[in-house]
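First the structure, in the form of structure tokens, and then the observations on it.
The values are calculated or read from the model by the stated rules, or taken from the named source; none is laboratory data. Being a predicted model, the structure only gives us computed values, none of them experimental. In this analysis, Cβ positions are derived from the backbone assuming ideal geometry, glycine residues included, and neighbour counts consider all displayed protein chains. The accessibility values were calculated without ligands, DNA or RNA, using every heavy atom of the protein model including side chains. Shrake-Rupley method; radii C 1.70, N 1.55, O 1.52, S 1.80 Å.
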Protein chains: 4
Amino acid sequence: MIPENRKLDCIPVGRLAIDINTPTMRETFAESPSLRRYVGGSPANTAVGMAKLGMKVGFIGKISDDSLGDFAKSFFENLNIDTTHIFRAEKEVPIGLAFTETLNGKTNLMMYRSEGVADLQLQCSEIDEEYIASSRSVVISGTALSASPSRDACFKILELAKKNHCCIVFDIDYRGQVWKNADEISVYYTLAAKYADIIIGSYEEFSLMDHIIADNETDEQIADRWFSENAKIVIIKHGSEGSMAYTKDGERYKIDIAQVDAVKSTGGGDAYSSAFLSGLLMGRSIKESLELATVHAAIAVSQPSCSEAMVSLPELEEALIKAKEKSGELVTPF
Amino acid sequence: MIPENRKLDCIPVGRLAIDINTPTMRETFAESPSLRRYVGGSPANTAVGMAKLGMKVGFIGKISDDSLGDFAKSFFENLNIDTTHIFRAEKEVPIGLAFTETLNGKTNLMMYRSEGVADLQLQCSEIDEEYIASSRSVVISGTALSASPSRDACFKILELAKKNHCCIVFDIDYRGQVWKNADEISVYYTLAAKYADIIIGSYEEFSLMDHIIADNETDEQIADRWFSENAKIVIIKHGSEGSMAYTKDGERYKIDIAQVDAVKSTGGGDAYSSAFLSGLLMGRSIKESLELATVHAAIAVSQPSCSEAMVSLPELEEALIKAKEKSGELVTPF
Amino acid sequence: MIPENRKLDCIPVGRLAIDINTPTMRETFAESPSLRRYVGGSPANTAVGMAKLGMKVGFIGKISDDSLGDFAKSFFENLNIDTTHIFRAEKEVPIGLAFTETLNGKTNLMMYRSEGVADLQLQCSEIDEEYIASSRSVVISGTALSASPSRDACFKILELAKKNHCCIVFDIDYRGQVWKNADEISVYYTLAAKYADIIIGSYEEFSLMDHIIADNETDEQIADRWFSENAKIVIIKHGSEGSMAYTKDGERYKIDIAQVDAVKSTGGGDAYSSAFLSGLLMGRSIKESLELATVHAAIAVSQPSCSEAMVSLPELEEALIKAKEKSGELVTPF
Amino acid sequence: MIPENRKLDCIPVGRLAIDINTPTMRETFAESPSLRRYVGGSPANTAVGMAKLGMKVGFIGKISDDSLGDFAKSFFENLNIDTTHIFRAEKEVPIGLAFTETLNGKTNLMMYRSEGVADLQLQCSEIDEEYIASSRSVVISGTALSASPSRDACFKILELAKKNHCCIVFDIDYRGQVWKNADEISVYYTLAAKYADIIIGSYEEFSLMDHIIADNETDEQIADRWFSENAKIVIIKHGSEGSMAYTKDGERYKIDIAQVDAVKSTGGGDAYSSAFLSGLLMGRSIKESLELATVHAAIAVSQPSCSEAMVSLPELEEALIKAKEKSGELVTPF
């Protein structure tokens, strides 16, 4: 499923943006004259996580042609992420922004983006077959499908990734604000998921994807339908109850949440994906990769930032040992 | 491939519009103070052709809420085409128009449409699974894929048609004016063609569809690639040199053009599709259906209008006998 | 108020479009397979009317770059209207269309236009001070103010016409379909009318223009307000009850409708404006110019076309003599 | 020129937004993980300045329906600015943002706005004549004219302010990013300036406004042209060389820049306007009002924030005394 010996291990595709948070994530925007800025965006966080875990990571995306874009690019360069296929939008096109505060005890995320935002301006003409062919895997996350021309570019990437036998990962990553209606989501998620070798999403995200043709499916029904397309691994998350992993060969795992003192509800998914994919790319078993994933997610939600919460492989492995000491096995075949 | 015994034989989807031509199609717009108006649009012509050949035909589309829309709808009703799923656009949204004249000896087609035109306003929310399930086949033509929300609605139709085992026909019908760039065309044509049981297009249209992943393919290579998806019949047209039909089972046919005194270069494709599909739906062999198709196309290009050139089954069969008497076999297996 | 001895007598500005009517204007679009095409658009009709009456006429506008645009331009050229400042829109931008039929005894006008239509694409950069300075008068009609960039270009023309002492005519010509809300109409009509030496409109149009700051005004109140800006002549039309003309110097005229067998309700306004302005430009008195105006309007509504109904000065004068013989004085000072 | 005894002294109109700056304004965005947030937008800064100087201030504008909008509104409420006519945009419409850093020794301002931004969504239907009539003055700043529907709403405000004898102030405040071309700027600035009793702008801004009809004018020519419209006071700024004030009655003043250690180049204009208008509204002479203006501007550019740099009247008067002790007279009639 995953080719060996290519220049890059993985190319995440899509949103590379700026997160602006209140400093400790325990106060509101109005309460805090001071703020913190981080690099953000789901595929960007995945790229950062994988790079910190030692993978050779590239990226396909588009940023603003200003100092905010400069910051995002230099942050990637400092982590040795390949930025040769991160394009600059036209003047005055803004980079995506997300403001996060804690309001009445809850994480309050304000997405500052629109159809005009830089990441959604990625063009088909910017997609280079050679670059895709140089990577063992690509990760498409759902937001990049929300509007053209980025949507069109993603399907071009999927077609070229399939032609060049890259492992295709679809990380559903649903953000309600960017879509026009539920059918539109279902249509384009379905079209993308048909290409994928690995599909990762919450139960709600799978239900949203399938709602045109199915209702109230079990995890097994969901997994089986995608196995009848191209999928080999399907991971379905159930929030605080953990997640379930299925393989086309018939393996099944229940993955528990690693206990943690969470400061926010975001970023866990990207940490999960980056550790799981890094595990597979390093040649670890599915079970081992899932262990790394759930512990990485726990680390990410305990920190105010997403991208800056990611850790190195030795740190992650040490955290995994501690988590098992504390809670026993995290991943159980059934 | 085609289910039996449903309420409708076929539901074409998409553009239902008005054609405005110079009276004999031998003069320009500036030369002729008088004009003729017809119902037009590729899937509308296909619907008309199939209805005249005796099929039970429905339609999914959207027209203007004015007298031009009224005319289009009443023209369909007079042919017993089911219009229950032809929706009205909001006030001031125009129906598509095409002006055709003869300029310097050539057919000059002026498409008066834009992203705002009624047929491209078809919404996902207007797509009804029960209606699709009531038909033996659906026909998607390329123009309906050129812009959202019509594009989104087409993919919803394709997903529901597949779920309900309708025979899915993709009639590529490329119109350059409505697309933004060649990659966009390739991306969405490819996504639609993957669903299709029958794909009909010119060699140029197939090349346009495949250009992201292939170049200079032979007819056989094109057909084989689509047989590796869902296609069972692939028809590739070569202009004045006739067309080639391939089946997944290995049948192959060369179809000659029936000789005719053409007055225009448009409308032949819709006549071809409507007769070929009607033949298959009537239970005729592929060879017999192709004979009807090529003769129907010849009739259509010899008349100023497309929709009004379509004929009844007895007329078409008589024309086929005459064409064979004149030119010998039109369809040759090889 | 009107400068003498310039190269052109008048430059109407704005919509140059195509009218497509049923042949006798006594049948619907669905009833009539045959149609007639004419040049149309309010300022285009005004240009045609003035040219036929012997004026030296120019035009500032934008048409489609296709055969429909060619027809519009050649029609103007045949009338010796200067077309050097009629620009071509980009490929695929349509010329404005208006379909007219008679439905249930009433004229039914379907405007086929949108923000993307050629006439609304007129750009500030296309406006040439020298051309404006070469004309004794300019006519702005309301539709050209309905959307940018045409709106912006009109205000540039008004500013340059004022600087160069052209007589500025504002022909309100309200078309509901092209505006977003009543306040937007009032705002931009008011801004334009402040520049005008002559304002012509129906009572409803003046009320629409003034509704932000005034309600239920009398004709005298309306005229006085505009005299406190730049206006010298204000003409207020009251449909079948005729029209009222006021001058800043205190002249007042009641103008009766010339009796006629009308086939449609459109085109009379353009004929009225073209004859009234031609009269003034020829040096006729206001009373004489109003007589020509009301008779010209009567001729226009008795014909299926607007532009082709316009007559020569001898024909108009003969019609005026006949109208007076039949009905007595048409214009009465009071 | 300014009516007495109304409920409010002034209603600024337009942009109420968020400024996000590096903490000391001496580092770049990439250098500083920590940021500071302030309320911003030119008319918002003017409102804050006038409120701190003791004026009764209202506001007409539109903000996002989220925590950033909440912060902006509560900041105004804490200063007793009336917020009853600050509207909320629809969900997902962002409030305007401006990021400011110091890059290579220069203030680098990144405007994060687009046609979709909340402040440009102000609608004509939200403009209430009674509210305008309750204020002695209104301030329109240029950015609110850059796009509809905000542009349309501004002209409605201007028409109603004129009808109700409010003092109309036009603060040109040009921001290049929000306009499409130079003629569009000139057209709409000119239309707005014609209503104004007081016009304040830089020489470059006046030149931009007038460029369709004039070039290379002197300050006197500029002032005289606007005195021939409705203006009574015209203030023309010349950057580091100070500013010039002219009245229709023939007064003329040269105003020097108060010496200061500037940390940024923005915010001085809003401080200037707010103090000058407050002076006039308090009944101070033009000369005294100009003294307050230039000292207030000096204070604003010496602080990282604009809105938070504004001072109270006693502080401003003390600063004026000190500035005069240091530099002598700041305002000289000539």
Could you order C:257, D:95 by accessible surface area, starting with the largest, using a probe radius of 1.4 Å? C:257, D:95
Bin width 5 Å, origin at 0, all Cα-Cα pairs of region A:70-186: what percent of pairs per bin? 2, 10, 16, 20, 22, 16, 9, 4, 1, 0
So what's region A:295-334 giving for Cα Rg divided by 2.2 N^0.38 Å, two decimals? 1.26
Please compute the average number of Cβ atoms from other chains found within 10 Å of each residue's Cβ in peptide A:71-79. 1
Along each principal axis, Cα extent of region A:14-75, largest first, Å: 40, 28, 17
Going by accessible area, probe 1.4 Å, with all protein chains left in place, what is the ranking of A:212, C:255, D:321, largest first? D:321, A:212, C:255
Cα gyration tensor shape for region A:208-257, rounded if a/c is under 1.5, else prolate or oblate: oblate
Would you check the accessible area of residue D:100, probe 1.4 Å, heavy atoms only, in square angstrom rounded to 10? 10 Å²
Place the label 7 angstrom along Cα→C-beta at residue C:133 and in each other copy, then list the distances from the first to the rest in nm, shortest first. 4.6, 6.3, 7.5
Got the relative contact order for region B:228-292 handy, in percent, Cα pairs under 8 Å and 6 or more residues apart? 19 percent
Stokes-Einstein D for region B:122-236 at 10 °C, 1.306 mPa s, Kirkwood Rh over Cα pairs, in µm²/s? 111 µm²/s
Tell me the GluC sites (Glu not before Pro) within region B:277-334 that lie in a loop according to DSSP and have at most 15 other beta-carbon atoms within 10 Å. B:329
The D/C contact buries a total accessible area, at probe radius 1.4 Å and rounded to the nearest 100 Å², of 2000 Å²
With a 1.4 Å probe and all protein chains kept in place, how much accessible area does residue C:282 have, in Å² rounded to the nearest 10? 70 Å²
Run through region B:50-144 and list the GluC sites (Glu not before Pro) located in a DSSP loop whose Cβ has at most 16 other Cβ atoms within 10 Å. B:90, B:115
Viscosity 1.567 mPa s, temperature 4 °C: Stokes-Einstein D of region A:137-176 from its Kirkwood Cα radius, in µm² per second? 126 µm²/s
Compute the Kirkwood hydrodynamic radius of chain A, taking the inverse of the mean of 1/r over all pairs of distinct Cα atoms, and give it in Å to one decimal. 19.8 Å
Mean-position separation - Cα centroids, region C:141-169 and region C:264-334, in angstrom: 26 Å
Carbon and sulfur atoms: what percent of the 1.4 Å accessible area of chain B do they account for? 47 percent
Whole-Å distance linking the alpha carbon centroid of region A:42-62 with that of region C:203-226 is 65 Å
Integer Hz, Karplus 6.51/-1.76/1.60 couplings in order for region C:86-92, x for Gly and Pro: 9, 8, 9, 6, 5, 3, 6
What figure, in Å² to the nearest 10, do you get for the accessible area of residue B:74 with a 1.4 Å probe and non-protein molecules left out? 40 Å²
Residue D:283 label points, 7 Å along Cα→Cβ, one per copy: pairwise distances from this copy to the rest in nm, shortest first? 6.3, 9.0, 10.3
Specify whether the C-alpha gyration tensor of the protein assembly as shown places it in the rounded, prolate or oblate class, a ≥ b ≥ c being the square roots of the eigenvalues: rounded for a/c under 1.5, otherwise prolate if a/b is larger than b/c and oblate if not. oblate
What accessible area per residue comes out for the protein assembly as shown, rounded to a whole number of Å², with a 1.4 Å probe? 35 Å²
Estimated inter-spin distance, residue A:241 and residue A:259, nm [label 7 Å along Cα→Cβ]: 2.1 nm
Report the residue of chain A with the smallest Cβ-to-axis distance, using the rotation axis that brings A onto D, in whole Å. A:35, 2
Residues of region C:210-230 buried by at least 40 Å² on assembly (accessible area, 1.4 Å probe, chain alone as reference): C:212, C:213
How high is the relative contact order of region D:104-246, in percent, with contacts defined as C-alpha pairs under 8 Å that are six or more residues apart? 19 percent
Quick check: convex hull of the Cα atoms in region D:163-300, volume per residue, rounded to a whole Å³? 116 Å³
Is there a simple number for the mean count of other chain Cβ atoms within 10 Å of the Cβ of residues in D:158-168, and what is it? 2
Loop only per DSSP, at most 13 neighbouring Cβ atoms within 10 Å: give me the trypsin sites (Lys or Arg not before Pro) in region D:72-173, ordered by residue number. D:91
Using the Kyte-Doolittle scale, which helices in chain B average at least 0.5 and also have C-alpha atoms spread 18 Å or more along the helix axis, with helices defined as whole DSSP H runs? B:268-282, B:286-301
